[in-house]
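Everything below concerns the one structure shown next.
Taken together, the values in this text are just the output of simple stated rules run on the coordinates, not laboratory data. Remember, it's a predicted structure, so these values are computed and weren't measured experimentally. Cβ placement follows ideal geometry from the backbone for every residue including glycine, while neighbour counts extend to all protein chains displayed.
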Amino acid sequence: MKKRFPGYNFTGLDINEELIKEGNSFLQQENIGCKIEYGDLYNLDIKKLANRFEGVISYQTLSWLPEYEKALLEMIKLNPNWISLTSLFYDGLVDCKIEIQEFSSPKDKKSDKTCFYNIYSLPRVENFFFENGYQVFKSIPFEIDIDLPKPEHSKMQTYTQKIVDENKRLQISGPLLMSWVFIYAAKKPL
């Protein structure tokens, strides 16, 4: 993004100190003028971070959290003019709380990995933004235009299947349809 929009400054936030160090090393090595700082999405340092950002971008985060409200409120506390994000959404009034458990074999009693793949109600998220001072809300469904092969293993990994008689693909991860949506919310129209 820094290469595409050189007139803007970008700061990444992450909770993993090792990844922050690795990311900053890469950015410096590639001479990309941005940085990554420590930030816990559930406990952002509002005194340090508020009013520093014109906008906030969250890429594939909300669906992997137990709920979206607290994370969005922390982003809103930063007081950005706009928030853009992508996650899994449904266009109806249904939230799906999905906890994924992966196993190495059918005999396993405990899972190797547990995570969330929650799908949230798009109208409810839109209302959440409106209730928190964001007058503009736009959403665009993501349609993948490449073929991703189905994995040979039976664990979570995204792949695509074409819809018969159409040039569209379904995006599937394990047992889930991946209903990606891009969202843009702003305090006022541009």
- Note on the structure: Quick note, region 74-190: a/c under 1.5 would make it rounded; otherwise a/b > b/c is prolate and the rest oblate (a ≥ b ≥ c, C-alpha gyration tensor); here it is oblate
- Percent of beta bridges antiparallel (DSSP, the chain, rounded to nearest 5): 70 percent
- Message: Just to check I understand the Karplus step: with θ = phi - 60° and J = 6.51 cos²θ - 1.76 cosθ + 1.60, what whole-Hz values come out for region 177-185, glycine and proline as x?
- Response: 7, 8, 9, 5, 9, 8, 10, 10, 10
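Is region 1-66 rounded, prolate or oblate when judged by the Cα gyration tensor, a ≥ b ≥ c being the square roots of its eigenvalues, rounded requiring a/c under 1.5 and prolate requiring a/b larger than b/c?
prolate
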- Which Cα, out of Asn79, Ile119, Tyr68, lies furthest along the positive dipole direction of the chain (beta carbon charges, K/R +1, D/E -1)? Asn79
- Non-local amide H neighbours of Leu148 (under 5 Å, H modeled in plane, Pro and chain starts lacking H): which ones? Thr160
- Starting from region 50-91, pick out the GluC sites (Glu not before Pro) whose DSSP state is loop and whose Cβ has at most 16 other Cβ atoms within 10 Å. Glu54, Glu67
- Task: Could you point to the residue in Asn43, Ser25, Val56 farthest towards the positive end of region 1-66's charge dipole, with +1 and -1 charges on the Cβ of Lys/Arg and Asp/Glu respectively?
- Result: Val56
- Where the only charges are on Cβ atoms (+1 Lys, Arg; -1 Asp, Glu), what is the dipole of region 53-154 about its Cα centre, to the nearest 20 debye? 340 debye
- Neighbour cut-off at most 15 other Cβ (10 Å), DSSP loop, chymotrypsin sites (Phe, Trp or Tyr not before Pro), region 54-137: Phe103
- Query: Using Cα atoms only, what is the angle between the long axis of helix 17-29 and the major principal axis of the chain, expressed in degrees (0 to 90) to the nearest 10?
  - Reply: 70 degrees
- Query: Cross-link partners among lysines for Lys187, C-alpha distance below 20 Å, same-chain residues fewer than 8 apart left out?
  - Reply: Lys70, Lys77, Lys138
- Taking only Cα atoms and a 10 Å spring cutoff, compute GNM fluctuations for the chain and point out the largest among Glu30, Glu17, Glu102. Glu30
- Query: Under the classification rounded if a/c is under 1.5, otherwise prolate if a/b is larger than b/c and oblate if not, where does region 1-153 fall, given a ≥ b ≥ c as square roots of the Cα gyration tensor eigenvalues?
  - Reply: oblate
- Message: Can you give me the long-range amide H partners of Phe103? Hydrogens built in the peptide plane at 1.01 Å from N, cutoff under 5 Å, separation of 5 or more residues or another chain.
- Response: Asp112
- Item | In degrees, nearest ten, helix 122-131 long axis to first principal axis of the chain (Cα) | 20 degrees
- For the chain, size of Cβ-based charge dipole, Lys and Arg +1, Asp and Glu -1, in debye: 320 debye
- Can you list the trypsin sites (Lys or Arg not before Pro) in region 29-103 that are in a DSSP coil and have 13 or fewer other beta carbons within 10 angstrom? Arg52, Lys97
